[in-house]
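This report refers to the structure that appears directly beneath it.
The values are calculated or read from the model by the stated rules, or taken from the named source; none is laboratory data. The structure displayed is predicted, hence computed values, not measured ones. Here the Cβ positions follow ideal geometry from the backbone for every residue, glycine too, while neighbour counts run over all protein chains shown. Note: accessible area is taken over every heavy atom of the protein model, side chains too, but ligands, DNA and RNA are not part of it. Shrake-Rupley method; radii C 1.70, N 1.55, O 1.52, S 1.80 Å.
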Amino acid sequence: MRGNNVVGIIFSNMHDDALREVTSIRTFGSVPFGGRYRTIDFPLSNMVNSGVNKVGVITKSNYQSLMDHLGSGKAWDLSRKREGLFILPPFGNGNSMYNNRIEALDGISNFLQNCQEEYVILADCDMICNLDFKKVLDAHLDNNADITVVYHHSEMPKALTEAVVLELNGQGKVTDLVAGINKDGKCDWGMGIYVMKKDFLQKVISEAIGRNRNNFVRDILQRGVLENKIYGYKFDGYVSAIDSVQSYFRANMDLMSMDVLKDLFNAMRPIYTKVRDEMPAKYGLGSVVKNSIIADGCVIEGEVENCVLFRGVRVGKGAKISNCIIMQDTVIGDNTALDYIISDKDVVFSDGKSLIGADSYPMYVTKGSVV
Amino acid sequence: MYPKQECIAMLLAGGQGSRLYALTKKIAKPAVPFGGKYRIIDYPLSNCVNSGIDTVGVLTQYQPLVLNDYLGNGQPWDLDTMYGGVHALPPYQGTHGADWYKGTANAIYQNIPFIERYNPDYVVILSGDHIYKMDYSEMLAYHKAHKAACTIAAYQVPMEEASRFGILNCNEDATIYEFDEKPKVPKSNNASMGIYVFSWDKLRKYLEMDEANPDSSNDFGKDVLPAMLNAGEKMVAWKFEGYWKDVGTIDSLWEANMDLLDPRDPLNMSDPSWRIYTRNPVMPPHFLGRNAVCQNSLITEGCVVNGELEFAILFEGVTVETGAKITDSIIMPGAKIMEGAVVQYAIVAEDAVIGPGAVVGERPEDVENKDDWGIAVIGGGIKVGANAVVKAKAMVEEDVPEVTK
């Protein structure tokens, strides 16, 4: 299969600032999402489902939780004799800590050099989508492109850090690429997912490093529009870009639409994640649960509406929680009321407490706190 | 050359489980789904791993495809180890011909070479139709302390039910002096759980003797154990306390599932120190929609629920449409309960579809003659047409046509 000729590179720390509080103890890639996932599960599963069997994960800081999550890569079928999962921490070739995408890629030059694969996919962890890379690669080959940029035609996410807007001609060739602005209304915005030849990537990275150019969008993409063939690949499926706490909240709440659930968790291209061997969720007498996503291991005795509950969450008797994202193993005491709360892991809300955030500003409770 | 193992386990998983009828038409009994996301075999396998036994031979014979697939390399139970691990052991052909497993003892006899390569001191014999959490290492310690040839796990059943079980009559020092199979007048309530620890040298000797006896039915309970007792071997009973349920019948399978919904939760599967491991489905968390009503139920990944649930157990990927009502029932993986359907006191097997407005099963209070009442079972992949009615105790193995109103 063609996928075997592709190596995937995932940037796990890019966009950490978009979720500053949630990423203070973890990488962006290990931010819990959707009841049982971490954001990296999406690009990683997408690659694996497209036949890619070699993936390098670039890390920078706070990557203990990420390594714990990924383990040997077994859950993604990436624990293998040939190829598999490679975690690529900084200081890969003795240089200093990287500050941007170009330096990060330069830092894994040995890894890239040793890859036998002809093509490379670059992806971050901020796009929650189910994307078939085989189609992207096919388009890349058909167009004989140097770089293929995956884009989406919709209203642009407001706070993307590496925002690019594409102008394309009828053949899908990128004729102009505008960076750093946020257009109003629908436009063709880049999803930060790129396909190119590995040799090409190595060449442009070493050129950029040699000339002290350090902005991937400006020095590789925009320069490429003039010097190389950049094509767009239009992704038509559901995508949720996580660029702020608000959009993170929205993306979780989107899962309560059947259309989104079916698109994102397409049974033919499943999203894999680390398993926890929890028992099924248990609903007690008096539980009232509506419009919610509930993971295994939850024990629910209270009222839950419009919530995402991660694995092992307990909701006590008489508790009322609505519009919340409650991460793993958080305990909500009896008669506690929560509204618009994002609770990190292992939080304890003691009995009878009440905490309320707002639709436009969900309140975040840090890991392990006792309220 | 395999490193020596002190103790290995042999799991008898070849039985048909004919008393589960439609549920075991295409799969062996140990592969029958249980408890919302497990299969029966997960319990003995998890017990093995949690007890420190990492070599398990699984004796398969009847409909092994699903079971073999399910076991795979044993990774879900941490049994993908370098030397031990889980091994499916089907009957095989040798230079002296080929034989099916003639009985439980013969199944072990035919696999003496498998056991011998680990050179074990002890062998635990397990069966694949019980739901329980047991520390076999405690039983083994007891076996060693008593210097027994065989230790049998015993469960205290209510005296009035004792005549349904194989009863172990014991002296005060726990040594067994008599096996009493389904006694009319039981002398004690120590029921054999079908879980044995043998010293391997003894077991091997009696297996060979049993095989040489043309009159033997090659069964542990009927032949090997009585032969050992008659020969004066030391056999002791080890009393097990805790939850234990034989799930060999439709009623007991249903009851054991419903026991999980008991607020006291006698089995406690969420105990992190004694996890029950299983092959986890790759599915998103379940979704309860705006019209969902859900009480006293177990639901796992991949389910989408818009109907009403009470005392329901839903396995992975079950769909319950708006207006459907499920009470006191078990819905196995991938089944679909369509709009307005009612499922009560029933087991709906894998991938079955209950059409809109259909009614499956009956409540006991709605049945006049109590002998006519029982759990209704819809076999795997069966389609029950719209507005069709399936009576209590029915065993549906063919599609039920739609009924026009």
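Just a few scattered comments:
- Scanning the stretch B:93-147 for residues that are of a type in the set (Val, Ile, Thr) and at pLDDT 95 or above yields B:108, B:112, B:115, B:123, B:124, B:125, B:131.
- Test: residue in the stretch A:87-110 that is within 14 Å of chain B (Cβ to nearest Cβ) and touching a strand residue (DSSP E or B) at 6+ places or on another chain (Cβ under 6 Å): no
- Qualifying residues in the stretch B:283-303 (those that are outside any loop (DSSP other than H, G, I, E, B), at the interface with another protein chain (Cβ under 7 Å from one of its Cβ atoms) and not aromatic (Phe, Trp, Tyr)) - the one farthest from the chain's Cα centre (by Cα): B:288
- Residue check, residue A:151 within 21 Å of residue A:247 (Cα to Cα), assigned by TED's automatic domain parsing to the domain that holds residue A:107 and aromatic (Phe, Trp, Tyr): yes
- Some residue of the stretch A:335-346 being assigned to a loop (DSSP other than H, G, I, E, B), within 14 Å of chain B (Cβ to nearest Cβ) and farther than 28 Å from residue A:71 by Cβ: no
- Residue B:221 being away from chain A (no Cβ under 14 Å) and on the phi > 0 side of the Ramachandran plot: no
- When residues of the stretch B:81-139 are limited to those that are among the hydroxyl-bearing types (Ser, Thr, Tyr) and open to solvent by less than 10 Å² (accessible area, probe 1.4 Å), the one nearest to the chain's Cα centre (by Cα): B:132
- For the criterion of being in the same structural domain as residue A:122 (by TED's automatic domain parsing), of a type in the set (Ser, Thr, Tyr) and part of a helix (DSSP H, G or I), residue A:247 passes.
- Residue within the stretch A:270-279 that is of a type in the set (Phe, Trp, Tyr) and touching a strand residue (DSSP E or B) at 6+ places or on another chain (Cβ under 6 Å) present: no
- Output for the stretch B:266-282, where each listed residue is at the interface with another protein chain (Cβ under 8 Å from one of its Cβ atoms) and either buried (at least 22 other Cβ atoms within 10 Å of the Cβ) or of a type outside the set (S, T, N, Q) (or both): B:269, B:275, B:276, B:277, B:278, B:282
- Which listed residue, of B:323, B:381, B:357, is within 25 Å of the chain's Cα centre (by Cα) and either outside any strand (DSSP E or B) or more than 10 Å from every other protein chain (Cβ to nearest Cβ) (or both): B:381
- Scanning the stretch A:301-314 for residues that are open to solvent by less than 10 Å² (accessible area, probe 1.4 Å) and without any contact (Cβ under 8 Å) to a residue 24 or more places away in the chain yields A:304, A:307, A:313.
- Residues located in the stretch A:224-253, provided they are within 18 Å of residue A:292 (Cβ to Cβ) and either surrounded by fewer than 19 Cβ atoms within 10 Å (Cβ to Cβ) or within 10 Å of another protein chain (Cβ to nearest Cβ) (or both): A:250
- Only listed residue being within 14 Å of chain B (Cβ to nearest Cβ) and farther than 15 Å from residue A:128 by Cα, chosen from A:51, A:71, A:56, A:34: A:71
- Looking only at residues in the stretch B:238-261 that are assigned to a loop (DSSP other than H, G, I, E, B) and more than 11 Å from chain A (Cβ to nearest Cβ), the one that is most open to solvent (accessible area, probe 1.4 Å) is B:241.
- Top-ranked residue in the stretch B:47-91 [being in a loop (DSSP other than H, G, I, E, B) and among the β-branched types (Val, Ile, Thr); ranked as nearest to residue B:105 (Cα to Cα)]: B:60
- Restricting the first member to the stretch B:13-35 and to residues that are at positive phi, and the second to residues that are in a strand (DSSP E or B), the beta-carbon pairs closer than 9 Å and six or more apart or on different chains are B:21/B:377; B:21/B:395; B:35/B:131; B:35/B:298; B:35/B:313.
- Residue in the stretch A:69-77 that is in the same structural domain as residue A:241 (by TED's automatic domain parsing), closer than 23 Å to residue A:326 by Cβ, out of contact with any helix residue (DSSP H, G or I) (no Cβ under 6 Å at 6 or more places or on another chain) and surrounded by 22 or more Cβ atoms within 10 Å (Cβ to Cβ) present: no
- Test result for residue A:293, in contact with a Phe, Trp or Tyr (Cβ under 6 Å, 6 or more places away or on another chain) and crowded, with 20+ Cβ neighbours inside 10 Å: yes
- Every test in (1) crowded, with 19+ Cβ neighbours inside 10 Å; (2) at pLDDT below 95; (3) farther than 27 Å from residue A:118 by Cα is passed by residue A:62 save one, and that test is (1).
- All conditions in (1) more than 24 Å from residue A:202 (Cβ to Cβ); (2) open to solvent by less than 70 Å² (accessible area, probe 1.4 Å); (3) acidic (Asp, Glu) hold for residue A:184, with the sole exception of (2).
- Test result for residue B:347, surrounded by 22 or more Cβ atoms within 10 Å (Cβ to Cβ), in contact with a helix residue (DSSP H, G or I) (Cβ under 7 Å, 6 or more places away or on another chain) and either at pLDDT 95 or above or not β-branched (Val, Ile, Thr) (or both): yes
- Of the residues making up the stretch B:76-84, one or more are touching a Ser or Thr at 6+ places or on another chain (Cβ under 6 Å), of a type outside the set (Val, Ile, Thr) and farther than 27 Å from residue B:315 by Cα.
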